[in-house]
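The structure appears below as structure tokens.
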Amino acid sequence: MSRVLELFEELSKYRRGSGEAIEAYEFLLKFCAKAGAKTQTDKAGNILASIGTPKICLQSHYDMVELGDQPPKLLREGDWLRAKNGTLGADNGIGVALELALIEEGQEGDYLFTNDEEIGLIGANNLGVYPTAKQIINLDAEEEGVVTIGCAGGADYSLNALLAYEPIDDKAFKAYKIAAKDCAGGHSGVDIHRGIPSAIGEVCRYLFNHNARLVSLRGGERLNSIPKNAEAIAFLPIGAEPKNDDHIEIAPIDNPFKAISGSRKILSLLALVPSGVLGFDELYGIASRSCNFALVKTEGDRMELTLFARGASEADLDAIDLQIAALSEIGALALSPLGRYSSWKATKTPLADRLCSLMKEEGLSPKIGAIHAGLECGVLLSKIPHAQCASIGPTIEFPHSFSERVFLPSVDRLYQVVKRALRAGV
């Protein structure tokens, strides 16, 4: 077993959920101090460990999207590693473990561990510790052999509606629980083009098509995850017996007697929420704009929707802004922008070229690319003048989902590439 994998297993003993990663933070501080690295921290929970006179800065975020059983129970299946009944946290725990292995070896460099990346790049945006190295290698990419030089920006929104309720004629309607099934979930950036069914979308589709009278609706797990779970209580017209379909499971329930007034209008608005791929970049073969209908809940007299948009440029984000603003006006919904971060414009640099050369030395066939997901590179470049940045990583499939897994041979090759980069000073 490689030292990187051993350290990933050690890291995986600690809770790392975004906003709640104090256990991992304390582990990293103790590890870096024991290894003899000069260590600095800031109020945002970022950690900078330095050895020697750094020419390269390696950067990873130590928080993760926690779903299911946590901390993860690791399972090895041939050349793949996954978790049992939960997210693995290879995004970005493998990058963290790789940095720890190199710190343990005493390799000269800056080693930056950022916090709360998964909930809006919070650590990077509030950076208070600054590497001296001007070449930054981000280890959060998820396709071996690709040197990433650009990423999408993002924006998230809350839409709120006031609800009223009315009695329902139980001779005309029957109450049911309608739940999504067999929705795999996934990363709302790198998986958005895969056509993965959204649990919220499937439930809303069924309700609209069956002329339902809505009682309650709840779905989604995290802002940046394609919804895996959703469930509604609703009245359906008596006469046509409702049936399960590929992604919906239905069960009759006791009569709750009241439904939300104007249910048809609400279901129409939910059908209009922008969701999935909204534009495509032919050059890099990725989405150029998208929106994830991430969360929905009704509670008492309120309904809240949470959306997460991604765009390759400010113009792409502005276009989605317009759609969401129009939806809020049509539906008399209270719109609250929750946050926004800029894209990292694709820019080829000498650092990217050199990383391609090092990958060739490891027998890979590298290529330059961009990603429809958020990386911290753009934020870091705005805070560290005259720096270059590129992102590389191992092969990680289905991040932010129960199916997340990492291809272990790619981890070993990534370690060799990064070690060569540190030794050469690129």
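Since every read-out is calculated from the coordinates, none of them should be taken as a lab result. This is a predicted model, so every value here is computed, not measured. Cβ atoms come from the backbone with ideal geometry, glycine included; neighbour counts cover every protein chain shown.
Think of it as helices only: each DSSP H run of n ≥ 4 in the chain is worth -39500 (n - 2.57), and spread over all residues that comes to -8500 deg cm²/dmol at 222 nm.
Averaging the Cα positions of each part gives two centres, and for the stretch 257-284 and the stretch 12-77 these lie 38 Å apart. Listed peptides 172-179, 146-153, 256-263 appear in the order 146-153, 172-179, 256-263 once ranked by packing, highest mean of other Cβ atoms within 10 Å at the front.
Note on K348: lysines with a C-alpha under 21 Å away, same-chain residues under 8 apart excluded, are K55, K134, K360, K367, K383.
If only the Cβ of Lys and Arg carry +1 and only the Cβ of Asp and Glu carry -1, the dipole of the stretch 96-242 around its Cα centre is close to 1080 debye. Backbone amide hydrogens, once placed in the peptide plane, bring Q135 within less than 5 Å of C57, Q388, excluding anything fewer than 5 places away on its chain. Dipole orientation for the chain: of the candidates S188, A141, T306, A141 has the Cα lying most toward the positive pole (charges on Cβ; Lys, Arg +1; Asp, Glu -1). With a cut-off of 18 Å, note down the residues of the stretch 35-71 whose backbone N falls inside the zone around a label point 7 Å from the Cα of R15 toward its beta carbon. Output list for this probe position: 45, 62-71. Rounded to the nearest 20, the Cβ-based charge dipole of the stretch 155-341 about its Cα centre (Lys and Arg +1, Asp and Glu -1) stands at 400 debye. Evaluated with a Cβ-only charge set (Lys, Arg +1; Asp, Glu -1), the chain carries a dipole of roughly 240 debye about its Cα centre, given to the nearest 20.
Summarising the amide proton neighbourhood of F173: residues at separation of 5 or more, or on other chains, whose placed amide H is nearer than 5 Å comprise I238. Comparing I22, Q70, L7 along the charge dipole axis of the stretch 1-97, the residue lying farthest to the positive side is L7, per the Cβ-charge model. Here the Gaussian network model covers the chain, with springs between Cα atoms less than 10 Å apart; of G52, G17, G186, G52 fluctuates the most.
If you wrap the tightest convex hull around every Cα atom of the stretch 155-341 and split its volume per residue, you get 107 Å³. Apply the a/c threshold of 1.5 to the C-alpha gyration tensor of the stretch 1-84 and tell me whether it is rounded, prolate or oblate. Oblate, because a/c is 1.5 or more while a/b does not exceed b/c.
Checking Cβ-Cβ separations below 4.7 Å across the chain identifies C32, C57, C151, C183, C204, C291, C356 as cysteines lacking any candidate disulfide partner.
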